[in-house]
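> This is the structure, below, for whatever I ask next.
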């Protein structure tokens, strides 16, 4: 039974507790849609899951090319899932290019499903195959299910009178139907979804449903012919409650809405389209009834400046972008810091300098967030570790901005923004409100717009308030009156004050995410590396290694106890999807001998490579080879975990 | 948006306790006084008035007006002001910028605030030079301007602020001169206009570009070169002895002599502030051959950006409730009950 993980394809092998499936095809093949719908059916089946959409920057790259391949990977199981999985157990390859690009990732013994209808000479040439991999020993290490999906799809949609071109567009639904059968999922939610999606074109809906049903029926009838077998994964244990799937972009948007409500403020969101941050602007544009104004500005600079203007006028200003856009906003962030106005800045990080890898993930904007402004211009920096976590982190960003009258940088990344996971729907009333306060009466004879409260924050005075007229701006200002001041002692005082205000923000004590509070090795991460680090540490502990996982949310300022916590470990390893940026900050701030494990391939860390690195610290303990990773994982107990 | 309440103030009420730090003799002083004279005429409420500026000599302006003020960063004042107006459309916003701030580093934002038609008054102080950075040529400097960065003369072709504004879709374009007694009238008209009202003010930088506008703006003797436009009035200048006629066949103006005040006989055209084509021609009228057109070149209101944003919000919000709990549990959900801790 080849759909099983691990590789063993004998009927006697036990049902696995997690399976990784990757759908891969041409960027026009609808793989992201297929993956998204398969994710929903997986969530409804009660499996825990994590996904990894991986698509090219080109919207419609030339058909059949290697660089036009779009893939969607999902890891789902009857136990807690933290990552999108290392190596797929099942690869669905819709054309030769998809096979060529994705085959190296497939677990030995894994199942590969290919559409022979696409394995034409022309497509093989485009994929740079000299001979068809179906005819030589390329696929020997795998179980192979090769048949003409294209033809079967056309057969299924034939009654609906679609032409060949439109008919073939139903291939992804045919494939989805087969996948639904393979994992014992009901088809009804998909029927409903297709009927809704194509409400205005009932023929198209019917054709897609027919394709879906045909794929499903194929599974049923072909079951006897190995290697296709049906697998049923029971629901994963999870805390009782109401669940939904959520992507990081959705979670950030909802967290911002919740944060603005907790601050009792209307929200102004200034944005400019950029991958992968645009999704946040898309979500919020539909939420006007929540007091959200979205403004698609002429550029990144105008987006942040309009948000600053809105904050000045008494709303919660928010702006969002990715690294290149944040670079453009940087001067304005200095203005926000200088004028001490609340502002939430979301950076959905992507790969590389300049345009880099727009659709790939990286964590390489940490220096930019912490150190990247002119003048001494500190601002709090916090990071989300998973799609669901982004909700809480967005609320925290709003709270810090309003309470400390400061811009706040919220770091997510392309992986978190696009990936989906099940999310226990929180009760909004469980969050402590932090209502914004406006100063409406002078506190003495002289209006002192820069006189601070116990948090070091200056008052928020909205224009329109009678008798409170004053001027603010980017020029250094007198420590109390706010008037222009070039006085040397005053600038020293104001620089120190701005530094201390941020440095003294109380940050929750750092806890250990997994493992003991002391030991030989601390693996310190931030952001979206949470899942793979946690799994790698868990496996290493099971092998007897004295290792703990520490995951930092508050990067600036760092938790006060972090230095002491790290001093309880002999070594500190910092895995990051950059060239060692948090490592530098930890060394800088804590004088700790942090060591780097870096990766900048645009792909998330695999559990196995982290485990390998951890094991290198322990004599006589070996890391896993790629193919055995899943096997080892399955021997572990499945603790109930809450994300 | 609420109708503004008119407040009685005097010029003194609009002065701050801050020492004004422009160079002695700078044209900015005259503009500051003209604005402080205009605000009481408008019945403006200092508490409801916001002056927003970018960077440059002109952008120090907000510190000297006793209202709310925001001195932002180079070129970005239109964007900040747009955020302010969207957050609180009731605020009366004045934007203060210069030729460098508003047309060079901030040219993009200027274009967009104008084409969106955000309701505010935009005063662009044009001195054809970078003053605060010590005298480099600006996007409005004439060709051949000698400066530290163009020691043998600039070769850049200058931008025409009013033509830029019209090209960007501005619905109000006016022109004034720092020392002109008519400047408050132009500002009054700009304020009366609902929408983005663009006013170019020729301002004398006495240190780096002294008297560059003397040919039409010198206190004495150059008045003959000023064409003050008024809606419904003939385009007369030089004490009414000259006027502009329009050559409809060749689509350009010509200067004609007016004898005994009979401007009709001379074919002088009547100014219509709603004629966009004429406004373009007036904005581009080459000085020298023609007088300098001043006053209100164009004034034809259109719905403001913030009113459209509000209308769209009201339409899309109507009938919807803001239920956060419901929003969070949106999409397809499933319930894990208390007994599901073990795999079934």
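> If r is the Cβ-Cβ distance from residue A:122 to residue B:257 and R0 is 60 Å, what FRET efficiency results, to the nearest 0.05?
That pair, residue A:122 with residue B:257, gives E of 0.15.
> If you don't mind, there's one more thing I want to ask. Over all distinct Cα pairs, what is the inverse of the mean 1/r for region A:237-387, reported as the Kirkwood hydrodynamic radius in Å? Mind showing how you got there, number by number?
Details: mean 1/r = 0.0631 Å⁻¹.
Taking every pair of different Cα atoms in region A:237-387, averaging 1/r and inverting gives 15.8 Å.
> Here is a further query. Quick one: A:311, A:78, fewest Cβ neighbours within 10 Å first, how do they rank?
Working: A:311 30, A:78 23.
Fewest-to-most Cβ neighbours within 10 Å comes out as A:78, A:311.
> With n ≥ 4 as the cut-off for DSSP H runs, can you work out [θ] at 222 nm for the protein assembly as shown, using -39500 (n - 2.57) per run divided by the number of residues, rounded to the nearest 500?
The per-residue figure over the protein assembly as shown is -9500 deg cm²/dmol.
> Quick one: in chain A, what % of C-alpha pairs are over 47 Å apart?
21
> For A:431, A:268, what ranking results if the residue with the fewest other Cβ atoms within 10 Å of its Cβ goes first?
A:431, A:268
> Which angle between 0 and 90 degrees, to the nearest 10, do you get for helix A:171-182 versus the longest principal axis of chain A when only C-alpha atoms count?
The helix A:171-182 is inclined about 80 degrees to chain A.
> Something else now. Taking the C-alpha atoms of region B:1-95, how large are the radius of gyration and the largest Cα-Cα span, Dmax, in Å?
So, for region B:1-95, Rg and Dmax equal 13.3, 41 Å respectively.
> When each pair of different Cα atoms in chain B is counted once in the 1/r mean, what is the Kirkwood radius in angstroms, to one decimal? It would help to have the intermediate numbers written out before the result.
On the way: mean 1/r = 0.0456 Å⁻¹.
Taking the inverse mean of 1/r over all distinct Cα pairs, chain B comes out at 21.9 Å.
> Hey, another quick one. Put a dot 7 Å past each Cα toward the Cβ at residue B:155 and residue A:486; how far apart are the dots in nm?
In this crude label model, residue A:486 to residue B:155 measures out at 3.6 nm.
> Using Cα-Cα distances under 8 Å and only pairs 6 or more residues apart, what relative contact order does chain B have, in percent?
Averaging sequence separation for qualifying contacts and normalising by length gives 14 percent for chain B.
> Using Cα atoms only, what is the angle between the long axis of helix A:31-44 and the major principal axis of chain A, expressed in degrees (0 to 90) to the nearest 10?
90
> Rule-of-thumb check for region A:312-366: C-alpha Rg over 2.2 N^0.38 Å?
Computed over Cα atoms of region A:312-366, the ratio equals 1.27.
> Mind listing P(r) for region A:304-424? All alpha-carbon pairs, 10 Å bins, whole percents.
Using 10 Å bins, I get a P(r) of 15, 46, 32, 7, 0 for region A:304-424.
> Let me see the P(r) profile for region A:374-479: every Cα-Cα distance counted, bins of 5 Å, each bin given as a percent of all pairs.
The percentages, shortest bin first, are 2, 9, 16, 17, 16, 13, 10, 8, 6, 3, 1, 0.
> Over the alpha-carbon set of region A:431-494, work out the extent along each principal axis and list the three values in angstrom, largest first.
Computed over the Cα atoms, the extents are 42, 30, 22 Å.
> If one computes the Cα centroid of region A:77-135 and of region B:25-51, what distance in Å separates the two points?
Going from one Cα centre to the other spans 71 Å.
> Rounded, prolate or oblate for region A:103-156? Axes are the square roots of the Cα gyration tensor eigenvalues, ordered a ≥ b ≥ c, and the cut-off for rounded is a/c under 1.5. Please report the intermediate quantities before stating the final value.
Numbers: a/c = 2.35, a/b = 1.24, b/c = 1.89.
Here region A:103-156 falls in the oblate category.
> Fewest first, what order do A:181, A:526 take by the number of other Cβ atoms within 10 Å?
Least to most surrounded, the residues fall as A:181, A:526.
> Once you treat every alpha carbon in region A:292-343 as an equal point and sum by Debye, what is log10 I(q)/I(0) at q = 0.15, 0.16, 0.26 Å⁻¹?
-0.34, -0.39, -1.00
> Right, next: Using a Förster radius of 30 Å, what is the FRET efficiency between residue A:443 and residue A:497 based on their Cβ-Cβ separation? Nearest 0.05, please.
Computed FRET efficiency for residue A:443 and residue A:497 comes out at 0.95.
> Which FRET efficiency value, to the nearest 0.05, do you get for residue B:272 and residue B:10 by plugging their Cβ-Cβ distance into 1/(1 + (r/R0)^6) with R0 = 30 Å?
For residue B:272 and residue B:10, the calculated efficiency is 0.25.
> Another question, if that's okay. Can you give the three extents of the C-alpha atoms in region A:1-146 along their principal axes, from longest to shortest, in whole Å?
43, 34, 21
> I want to make sure I understand the PRE zone here: with the label point 7 angstrom from the Cα of residue B:329 toward its beta carbon, which residues in region A:388-410 have backbone N atoms less than 20 Å away?
Once the point is set 7 Å along Cα→Cβ of residue B:329, A:388-389, A:391-392 turn out to lie under 20 Å by backbone N, inside region A:388-410.
> How far apart, in nm, are the 7 Å Cα→Cβ label points at residue A:478 and residue B:233?
That separation, rounded to one decimal, is 4.5 nm.
> Output the relative contact order of region A:362-503, whole-number percent, from Cα pairs under 8 angstrom with separation of 6+ residues.
21
> Taking 7 Å along the Cα-to-C-beta vector as the label spot, tell me the residue B:90-residue A:296 distance in nanometres, rounded to one decimal.
Inter-label distance under the simple model: 3.1 nm.
> Let me ask something else. In a Debye calculation with equal point scatterers on the alpha-carbon sites of region B:202-340 and no solvent, what is log10 I(q)/I(0) at q = 0.09, 0.12 Å⁻¹?
-0.49, -0.65
> Report relative contact order for region A:160-249 in percent, whole number only (criteria: Cα-Cα under 8 Å, sequence separation at least 6).
Relative contact order comes out at 36 percent.
> Against the longest alpha carbon principal axis of chain B, how many degrees, from 0 to 90 and to the nearest 10, is the axis of helix B:77-87 turned?
The helix B:77-87 is inclined about 50 degrees to chain B.
> Then there is this: Could you estimate the translational diffusion coefficient of region A:399-444 from the Stokes-Einstein equation, with Rh from the Kirkwood formula over C-alpha pairs, at 4 °C and 1.567 mPa s, in whole µm²/s?
88
> Here's another thing I want to ask about it. With just the Cα atoms defining each centre, how far is region B:178-227 from region A:291-369? Give it in Å.
Spelled out, the Cα-based centre of one part sits 38 Å from the other.
Every number in this text was worked out from the coordinates using simple rules, so none of it is lab data. Values in this document were obtained by computation on a predicted structure and should not be read as measured data. Cβ atoms come from the backbone with ideal geometry, glycine included; neighbour counts cover every protein chain shown.
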